[in-house]
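K.L.:
Let me give you the structure first, and then I'll get to my questions.
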Protein chains: 2
Amino acid sequence: MRHKYRKGSSFERELKRLLEKEGFAVIRSAGSKGVDLIAGRKGEVLIFECKTSSKTKFYINKEDIEKLISFSEIFGGKPYLAIKFNGEMLFINPFLLSTNGKNYVIDERIKAIAIDFYEVIGRGKQLKIDDLI
Amino acid sequence: MRHKYRKGSSFERELKRLLEKEGFAVIRSAGSKGVDLIAGRKGEVLIFECKTSSKTKFYINKEDIEKLISFSEIFGGKPYLAIKFNGEMLFINPFLLSTNGKNYVIDERIKAIAIDFYEVIGRGKQLKIDDLI
């Protein structure tokens, strides 16, 4: 369990550094239920639940997502599920997730609704060189 | 040191519960430098550095206050130094603090510029019965 905990918090620290480089003030939560990071920049507020996995398929507890959504509605900020998946950082609007069970399934199909870091911070989709040619 | 740390975080938890009862969404910071709690309620953001002491006089590091102010300006929220002092909870606008040294001195005189919890959350000064008669 400790290894999994350490991997999660290193992703949080990485995302915190990225956000700070873009001019956000960021806090990492001491608790761990549903909200891991909150970032603000002159009134623009982004709220993140961070999940990381080296597997090609993993599950996220519905309760954590509900907590992320309700916290963001009370606070007044945009919620994102931030996942590190096969080394790639993806962001999902939690309102787009659906399940008929107790957990959400995260696999390759999530990419259809995921956006990247630059879209989250409002700098449009980061065009990769191969997108241009 | 561990006793002092535990006392600090119990004050943070107490303030977190009070804010949540008033309808705020609150995060306790995993770090400890300058910002301990951030609370939001539909876009209204309050940012706290919490200090507690059983002494009648204690010192607060200027650097912590500067971090609280700069974080709040970037994030876009109202900063407060929250102190628990002889059992009483007081809130100070950090911009009102002054010192010509490396630390701010907190003693009875701080009450002249301190406000109470209800003023912080915008419900006006909590009138005590003896204020009324």
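K.L.:
I want to confirm something. Restricting to region A:78-103 and keeping residues that are polar (S, T, N, Q) and under 19 Å from residue A:56 (Cα atoms), which single residue is farthest from the other protein chains (Cβ to nearest Cβ)?
P.N.:
Among those residues, the one meeting the criterion is A:86.
K.L.:
For the subset of region B:19-31 comprising residues that are buried (at least 17 other Cβ atoms within 10 Å of the Cβ) and out of contact with any helix residue (DSSP H, G or I) (no Cβ under 6 Å at 6 or more places or on another chain), which member is modelled with the lowest pLDDT?
P.N.:
The extreme case among them is B:30.
K.L.:
Take region A:32-66 and flag every residue that is among the polar types (S, T, N, Q), modelled with pLDDT under 90 and under 16 Å from residue A:9 (Cβ atoms).
P.N.:
A:32, A:53, A:54
K.L.:
For residues that are basic (Lys, Arg) and buried (at least 18 other Cβ atoms within 10 Å of the Cβ), scanning just region B:32-66, find the one that is nearest to residue A:23 (Cα to Cα).
P.N.:
Filtering region B:32-66 for residues that are basic (Lys, Arg) and buried (at least 18 other Cβ atoms within 10 Å of the Cβ), the one nearest to residue A:23 (Cα to Cα) comes out as B:41.
K.L.:
Still on this model: Mind listing whichever residues of region B:89-114 are surrounded by 17 or more Cβ atoms within 10 Å (Cβ to Cβ) and either at pLDDT below 90 or among the aliphatic types (A, V, I, L, M) (or both)?
P.N.:
Of everything in region B:89-114, those that are surrounded by 17 or more Cβ atoms within 10 Å (Cβ to Cβ) and either at pLDDT below 90 or among the aliphatic types (A, V, I, L, M) (or both) turn out to be B:89, B:90, B:92, B:97, B:106, B:110, B:114.
K.L.:
Being within 14 Å of chain B (Cβ to nearest Cβ), closer than 21 Å to residue B:26 by Cβ and in contact (Cβ under 8 Å) with a residue 24 or more places away in the chain narrows it down to one of A:11, A:75, so name that one.
P.N.:
A:75
K.L.:
Which condition does residue B:60 not pass, out of (1) away from chain A (no Cβ under 13 Å); (2) part of a loop (DSSP other than H, G, I, E, B), if it passes all the others?
P.N.:
(2)
K.L.:
Out of all the residues in region B:25-54, which are at the interface with chain A (Cβ under 7 Å from one of its Cβ atoms), in contact with a strand residue (DSSP E or B) (Cβ under 6 Å, 6 or more places away or on another chain) and either in a loop (DSSP other than H, G, I, E, B) or among the acidic types (Asp, Glu) (or both)?
P.N.:
B:30, B:35
K.L.:
Kindly provide the set of residues from region B:92-119 that are in a strand (DSSP E or B), hydrophobic (A, V, I, L, M, F, W, C) and touching a residue at least 40 places away in the same chain (Cβ under 8 Å), ordered by number.
P.N.:
B:105, B:106, listed by residue number.
K.L.:
Does region B:67-93 hold any residues that are over 9 Å from the mean Cα position of the chain (by Cα) and more than 17 Å from residue B:8 (Cβ to Cβ), and which are they?
P.N.:
Of everything in region B:67-93, those that are over 9 Å from the mean Cα position of the chain (by Cα) and more than 17 Å from residue B:8 (Cβ to Cβ) turn out to be B:69, B:70, B:71, B:72, B:73, B:74, B:75, B:76, B:77, B:78.
The values are calculated or read from the model by the stated rules, or taken from the named source; none is laboratory data. Not measured: the values here are computed from a predicted model. Cβ sites come from the backbone with ideal geometry, for glycine too, and all protein chains shown count toward neighbours.
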